[in-house]
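Since the structure comes first, as structure tokens, the remarks are kept for the end.
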Amino acid sequence: MKVLLLYPEFPDTFWSFKHALKFIGKKASLPPLGLLTVAALLPPEWPKRLVDVNVRPLRAPDLAWADLVLISGMIAQQPSARELIARCRAAGKLIVAGGPLFTLGHEQFPEVDHFVLNEAEVTLPEFLRDFARGAARRLYASSVFPDLGQTPAPLWELADLKHYSSMSVQYSRGCPFDCEFCNITAMFGHRPRTKSTGQIVAELDSLHRAGWRGAVFFVDDNFIGNQRVLKADLLPALIHWQRGRRGTPFFTEASINLADDEELMQLMVAAGFNQVFVGIETPAAAGLVECNKRQNQRRNLVADVKRIQRAGLEVQGGFIVGFDSDTPAIFAQQLEFIQQSGIVTAMVGLLQAIPGTKLHQRLKLQGRLAGQTSGNNLDGTTNFIPQMNRETLREGYKNLMGGLYSPGPYYRRIRTFLREYRRPQISSPMTWRNFLAFLRANVCLGIFGRERFQYWRLLVWTSFHRPTLFPLAVTLSIFGHHFRKTSRVLGL
């Protein structure tokens, strides 16, 4: 069977970095790790072809070549997924779908022939056995959480790596916490399951052999879910792996209790980690209680963020407005917290009720659901009836985003961060793409941008006060350009 692996296009979202990628001549932030891993679970004798629509369009010869189409994606990719499915159906292709988008809403896609849901290590082999004897069911699902020690390495050779700004690996699945709005534990459970250190090193080795020398994203939803194994096994192995190489920067996601473990932070930095995304959500105590974000409660969150920054990890933060306990004062509170903490990359979204979450179940029982989630944290929509007046919520959100990403506050926040941040031990080597990005930034931001005064002021300040962080200052300036572009849907 000739298998076409399809990955839909991401819309213009906060994390797409589409407007920033243009500065370095890349087309997408990350390759479709899930599809590349699924490809490794398919029979090795089956020819395989990947079409990531974020990198190149799906062409008629691709469809003509294929016997079977496998499509995966996230909720935000739904519009593109529907277009691709329609094209495959019109071409008479057999369509198999899996991944978060379909696991959470497969009933919305009647055109799909087969659904292989949940974790593919469990459901895909069952489908393949039935398919081989011509008796495949339409739906394959499982509540079993597989041992990741059996997960194969992704087939990187299917992806054209030069089009991506970063690569990705997965070390663990699952999270020990139980936030009401999050569907991670519903999909992957509370007990963090991990690959072996040998598996991770082998995946990194394969990327290195493929010529990759850029950043690698550990896509775990909570990288520090099993701190004992991290400190005793994986991080020392990564420190050893980095020796003798030019350096591969890592970044990941973790909970705020990372700030409590100085040894863990030091090991992560020594292993090459220089960024970590943390779900802050809200500085309001009532909001944290409401969403059961217990790991963030009774803390000085600003001090925690600065402790992580001083260790050498840039904190990227997730924030939410629209909790039932929120009042109109929340917008100023969020802005003050983000500015004070120096979280430059601050993703603030309106609360969304994602299927499979406890929040979705609660709002359904209360009769407050109002449509489907878009999966886009930055489109200014929500899919339930909020306690706050809807127009007040939308206008407050719009003003908050304008305050965060207008040039003045944004560039002040960069300086606040750079004052705290310790230069990473491992960073990407300077390339011609980096130099070209700097030249483009000087023209786009420094000459034609409305932030040109703030841009040049930041570069001068950085040159005198934190000269080793000059490349990072340019990068964050480019990110700000992207964030302002993506916020235009809000009329900013």
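Just a few scattered comments:
- Binning all Cα-Cα separations of segment 238-295 at 10 Å, short to long from zero, yields these whole-percent fractions: 20, 40, 24, 12, 4.
- Local electrostatic count at residue 253 - Lys and Arg +1, Asp and Glu -1, tallied over other residues with Cβ under 15 Å: -2
- Size descriptor for segment 165-398, Kirkwood hydrodynamic radius: 18.9 Å (Cα pairs only, one decimal).
- Remark: segment 315-414 carries a charge dipole of roughly 180 debye about the Cα centre, counting +1 on each Lys and Arg Cβ and -1 on each Asp and Glu Cβ.
- Compared with the rule-of-thumb size 2.2 N^0.38 Å for a compact globular protein, the chain has a Cα radius of gyration ratio of 0.96.
- Electrostatic dipole magnitude of segment 3-140 [Cβ: Lys, Arg +1; Asp, Glu -1; Cα centre; debye, to 20]: 440
- At q = 0.22 Å⁻¹ the log10 of I(q)/I(0) for segment 3-140 amounts to -1.50, computed by Debye summation with a single uniform scatterer per C-alpha, solvent ignored.
- Other residues whose C-beta falls under 15 angstrom from the C-beta of residue 3 contribute a net charge of -2, scoring Lys and Arg +1 and Asp and Glu -1.
- Taking the chain and dividing mean pair separation by its residue count, relative contact order in percent (alpha carbons under 8 Å, at least six apart): 14
- The Kirkwood hydrodynamic radius of segment 62-214, based on inverse pair distances between different Cα atoms, is 17.5 Å.
- Those Cys residues of the chain for which no other cysteine Cβ falls under 4.7 Å: 88, 175, 291, 444
- Cα extents of segment 18-60 along the three principal axes, largest first (Å): 39, 25, 11
- With both labels modelled 7 Å from their Cα along Cα-to-Cβ, the residue 111 to residue 298 distance reads 5.3 nm.
Values in this text are rule-based calculations from the coordinates and carry no lab data. Keep in mind that this is a model prediction, so the values were computed, not measured. No Cβ is skipped: glycine too gets one built from the backbone with ideal geometry, and neighbour counts run over all protein chains shown.
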